[in-house]
Amino acid sequence: MFEELERINERPEPFQFYTARDLWTDPYTSRQMLAFHLNESIDVSSRNAAFIDRSVEWVASRFEIGGKRIADFGCGPGLYAGRLARHGANVTGIDFSASSIAYAREVAAREGLNINYIQQNYLDFETEDRFDLMLMIMCDFCALSPAQRNGLLRKFHGILKPGGMVLLDVYSLAAFDQKEEATSYEENQLGGFWSPDRYYGFLNTFKYEDEKVVLDKYTIVEAERIRTIYNWLQHFSPEDLEREFVDTGFTVQGLYSDVAGTPYEPESGEFAVVAAKA
């Protein structure tokens, strides 16, 4: 028992483990995530419906999306993709979750929307199509290691048309400063989110000061198995994020406090970047 508790509380190296598949492809947790996506009043999995409406209106105006080809990486159940398609865009949505993609396809078919949904880890996505705009929203970029981010930006560069654009958002250093290390334990942690059966959940939050990374490490103890889910969150300064874009062939054209075009404020917990293929 003592050795198992030692493993539960062990601090890994930054981005040592990648468990996105366990989170997004597990049938039970993916349905739980879909329920969060579809709750229009909260900012869990997706942002609330009022913000998404405002964000899409800004994106449609800022990028003049009518007739444009857009790829939405981490599209979830199509909350952005559907709205963008209603504005006349030709949208491709990529997401790991079978539950979310099934829901998105059902909505698109019912409304006759021009959307191609693909169930896949977007890190593995390959296509001969070329796009005008790449979207990666809800700070998904922060969950990736430096090597994964570099590979993804190079992928974006390869499948964008000349002059094509990227819009994504990230967590800021102001948000990093607000985080604190903590350990907690709870029966049926997060209200039964992790399993339909009884379980015990441990949450270890670690901060990595040098790398500006926060890890929420969930250990789920069930009768028949023990699982560990690693939720990494890289935090950025505008200068560090711009460096990652420049190193992969982009020029940064604008910073905002969110993906709805709010003017940039250094104190904001998140910020968004618009970059162009150089």
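The values are calculated or read from the model by the stated rules, or taken from the named source; none is laboratory data. This is a predicted model, so every value here is computed, not measured. All Cβ positions, glycine included, derive from the backbone under ideal geometry; neighbour counts span all protein chains shown.
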Study note, to complete from the structure: Among strands (runs of 3 or more DSSP E) completely within region 202-256, the ones holding 1 or more residues that are among the β-branched types (Val, Ile, Thr) and under 20 Å from residue 172 (Cα atoms) are 213-222, 250-256
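Residues in region 116-123: is at least one in the same structural domain as residue 151 (by TED's automatic domain parsing), among the hydrophobic types (A, V, I, L, M, F, W, C) and within 27 Å of residue 158 (Cα to Cα)?
Residues of region 116-123 that are in the same structural domain as residue 151 (by TED's automatic domain parsing), as a first pass: 116-123.
With the extra rule that they be among the hydrophobic types (A, V, I, L, M, F, W, C), the set shrinks to 118, 123.
From the residues that got through so far, the ones that are within 27 Å of residue 158 (Cα to Cα) too are 118, 123.
Yes, because at least one residue in region 116-123 is in the same structural domain as residue 151 (by TED's automatic domain parsing), among the hydrophobic types (A, V, I, L, M, F, W, C) and within 27 Å of residue 158 (Cα to Cα).
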Check your understanding: Taking residue 42, is it part of a loop (DSSP other than H, G, I, E, B), of a type in the set (A, V, I, L, M, F, W, C) and either buried (at least 19 other Cβ atoms within 10 Å of the Cβ) or modelled with pLDDT under 95 (or both)?
Key -> yes
Check your understanding: Taking residue 133, is it of a type outside the set (Asp, Glu), outside any strand (DSSP E or B) and surrounded by 14 or more Cβ atoms within 10 Å (Cβ to Cβ)?
Key -> no
Study note, to complete from the structure: Only one of 191, 163 is loosely packed, with under 13 Cβ neighbours inside 10 Å and either farther than 30 Å from residue 227 by Cα or aliphatic (A, V, I, L, M) (or both), namely 163
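When residues of region 1-26 are filtered for being under 19 Å from the mean Cα position of the chain (by Cα) and surrounded by 11 or more Cβ atoms within 10 Å (Cβ to Cβ), how many remain? Steps first, please.
Of the residues in region 1-26, the ones under 19 Å from the mean Cα position of the chain (by Cα) are 14-26.
Pick out the ones that are also surrounded by 11 or more Cβ atoms within 10 Å (Cβ to Cβ) and you get 14-20, 22-26.
The number of residues fulfilling the criteria is 12.
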Point to revise | Residues (at pLDDT below 95 and among the polar types (S, T, N, Q)) located in region 69-114 | key: 97, 99, 100, 114
**Study point:** Selection count, region 185-201, where residues are among the hydrophobic types (A, V, I, L, M, F, W, C) and part of a helix (DSSP H, G or I)
**Key:** 1
Revision key, fill the gap. Of (1) surrounded by 15 or more Cβ atoms within 10 Å (Cβ to Cβ); (2) under 22 Å from residue 142 (Cβ atoms), residue 84 satisfies every one except (2)
Check your understanding: Hey, any hits in region 213-225 for a residue that's among the aromatic types (Phe, Trp, Tyr) and not assigned by TED's automatic domain parsing to the domain that holds residue 199?
Key -> no
Revision key, fill the gap. All-but-one check, residue 70 against (1) assigned by TED's automatic domain parsing to the domain that holds residue 130; (2) in a helix (DSSP H, G or I), failing number (2)
**Study point:** Only one of 108, 81, 71 that is of a type in the set (A, V, I, L, M), farther than 27 Å from residue 22 by Cβ and in contact with a strand residue (DSSP E or B) (Cβ under 8 Å, 6 or more places away or on another chain)
**Key:** 108
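For (1) surrounded by 14 or more Cβ atoms within 10 Å (Cβ to Cβ); (2) out of contact with any Leu (no Cβ under 6 Å at 6 or more places or on another chain); (3) not β-branched (Val, Ile, Thr), each residue gets a yes or a no:
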residue: 196; (1), (2), (3): no, yes, yes
residue: 203; (1), (2), (3): yes, yes, yes
residue: 206; (1), (2), (3): yes, no, yes
residue: 226; (1), (2), (3): yes, yes, no
residue: 237; (1), (2), (3): yes, no, yes
Practice item. Determine the pairs where a residue that is among the hydroxyl-bearing types (Ser, Thr, Tyr), located within region 231-254, has a partner that is part of a strand (DSSP E or B) with Cβ atoms under 9 Å apart, the partner being 6 or more residues away or on another chain. Key: 237/172; 251/275; 251/276; 251/277
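Pick from region 245-263 the residues that are hydrophobic (A, V, I, L, M, F, W, C) and touching a strand residue (DSSP E or B) at 6+ places or on another chain (Cβ under 8 Å): which of them is surrounded by the most Cβ atoms within 10 Å (Cβ to Cβ)? Break it down stepwise before answering.
If we filter region 245-263 for residues that are hydrophobic (A, V, I, L, M, F, W, C), which is where we start, we get 245-246, 250, 252, 255, 259-260.
The next check asks that each one be touching a strand residue (DSSP E or B) at 6+ places or on another chain (Cβ under 8 Å); those that pass are 245-246, 250, 252, 255, 259.
Working: 245: 22, 246: 13, 250: 23, 252: 17, 255: 17, 259: 29.
Filtering region 245-263 for residues that are hydrophobic (A, V, I, L, M, F, W, C) and touching a strand residue (DSSP E or B) at 6+ places or on another chain (Cβ under 8 Å), the one surrounded by the most Cβ atoms within 10 Å (Cβ to Cβ) comes out as 259.
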